[in-house]
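Read through the structure below, which is laid out as structure tokens, and then see the notes.
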Amino acid sequence: MNHDTFIVPPGKKISLKKDYNPAYKDNYHQKSDAVAKLQAGIKKLAEYQDILYAQNTYALLVIFQAMDAAGKDSTIKHVMSGVNPQGCQVFSFIVPSAEELDHDYLWRTAKALPERGRIGIFNRSYYEEVLAVRVHPEILRKQQLPHFPNDNQLWKQRFAEINNFEKYLVNNGIIILKFFLNVSKEEQKKRFLKRIELPEKHWKFSLSDVHARSFWNDYMEAYEDVFKHTSTAWAPWYIIPADRKWFTRLVVADIICTKLKELNLQYPRVSEEHKEQLLLAKAMLEQEDLN
């Protein structure tokens, strides 16, 4: 699959409405075709993760951002269904606690970064600090900042800080994949109504979801500015069509597998001394009397 279609070129001003179709499905005409390829991708991802864990050199940080009901939870659930839980961790970032507000805005995510050999997943992330905080400035007032630069200067400052932070992580072996699940406003409405109609979905819905929907255009504008300023050569943004969940999952899995393949992961090589110890252990086991 060609991933260039989904990448935001660094520094480019894009329009989510004009440039990216939430219903795009490439050449997949039927869901069954995509599901079969997804299963192959899940199997391959499990193989790469095993080597990543054994090599213990790189870590992979996967960031998901989206409007509500875009399918972040289900994408994580399906794409990661084959990996070893010991090598994977998921963090969801909601409203900051009092303790978190007493720290810098990157603190709570920085302490949740994956160790070498692991895949870390952020369901929302530090990007909320230039998205939700920007759309709802009342949040900013709770952050106890020593001074408030004018709005444009503040966001430019945070964009630069985030880019530097991500460059630092990549330089230290933490590879970053950033996915925006691009759901249409119409599809979001359908999914909200389904959550209201189905009792087993009630727990996933609150009135605040509808309230956030009323700021849709503000969020789209904020996202477009984020993509322009923080899609970089070392950590580009991928805009993934999200109106068809089966295609969303396929693309995310394919991009993750491709990135892991590019790392040229290898199982650790053992020394000649270790090989001799293995042969000795084998001989001892074969000669063992089980009686």
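May I ask you to verify whether Ile162 is over 15 Å from the mean Cα position of the chain (by Cα), modelled with pLDDT of 95 or more and either open to solvent by less than 60 Å² (accessible area, probe 1.4 Å) or of a type in the set (A, V, I, L, M) (or both)?
Yes.
Could you check how many residues of the stretch 247-291 are over 24 Å from Asp4 (Cβ atoms), among the polar types (S, T, N, Q) and in contact (Cβ under 8 Å) with a residue 12 or more places away in the chain?
Going through the stretch 247-291 one residue at a time, the tally reaches 1.
Suppose we keep only residues that are part of a loop (DSSP other than H, G, I, E, B) and touching a residue at least 24 places away in the same chain (Cβ under 8 Å) within the stretch 170-219. Which one would you say is nearest to Ala235 (Cα to Cα)?
It comes out as Gly173.
Just name the residue that is most open to solvent (accessible area, probe 1.4 Å) out of those in the stretch 18-37 that are part of a helix (DSSP H, G or I) and at pLDDT 95 or above.
Checking each candidate, the answer is Lys18.
Taking the conditions exactly as written (assigned to a loop (DSSP other than H, G, I, E, B) and more than 15 Å from the chain's Cα centre (by Cα)), does Asp243 satisfy them or not?
yes
When you look at Ser74, is it in contact (Cβ under 8 Å) with a residue 40 or more places away in the chain, within 16 Å of Arg249 (Cβ to Cβ) and in contact with a helix residue (DSSP H, G or I) (Cβ under 7 Å, 6 or more places away or on another chain), yes or no?
yes
If you go through the stretch 58-76 one residue at a time, how many are open to solvent by 40 Å² or more (accessible area, probe 1.4 Å) and touching a Gly at 6+ places or on another chain (Cβ under 6 Å)?
Residues that pass the stated criteria total 1.
Those residues that are closer than 21 Å to Ile63 by Cβ and either touching a Pro at 6+ places or on another chain (Cβ under 7 Å) or among the charged types (D, E, K, R) (or both), I need them from the stretch 175-203; list them, please.
Result: Lys178, Asn182, Val183.
List the residue pairs whose Cβ atoms are under 7 Å apart, where the first residue sits in the stretch 111-127 and is at positive phi, the second is open to solvent by 10 Å² or more (accessible area, probe 1.4 Å), and the two are 6 or more positions apart or on different chains.
These pairs meet every condition: Gly117/Tyr53; Gly117/Gln55; Gly117/Asn56; Arg124/Ser92; Arg124/Phe93.
Yes/no matrix, rows are residues, columns are (1) under 12 Å from the mean Cα position of the chain (by Cα); (2) modelled with pLDDT of 95 or more:
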{"residue": "Lys44", "(1), (2)": "no, yes"}
{"residue": "Leu101", "(1), (2)": "no, no"}
{"residue": "Gly117", "(1), (2)": "no, yes"}
{"residue": "Phe122", "(1), (2)": "yes, yes"}
{"residue": "Asp151", "(1), (2)": "no, no"}
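The values are calculated or read from the model by the stated rules, or taken from the named source; none is laboratory data. What you see is a predicted model, and the numbers here were worked out from it, not measured in a lab. In this analysis, Cβ positions are derived from the backbone assuming ideal geometry, glycine residues included, and neighbour counts consider all displayed protein chains. When the accessible area is computed, the model is the full protein with side chains, heavy atoms only, and any ligands, DNA or RNA have been set aside. Shrake-Rupley method; radii C 1.70, N 1.55, O 1.52, S 1.80 Å.
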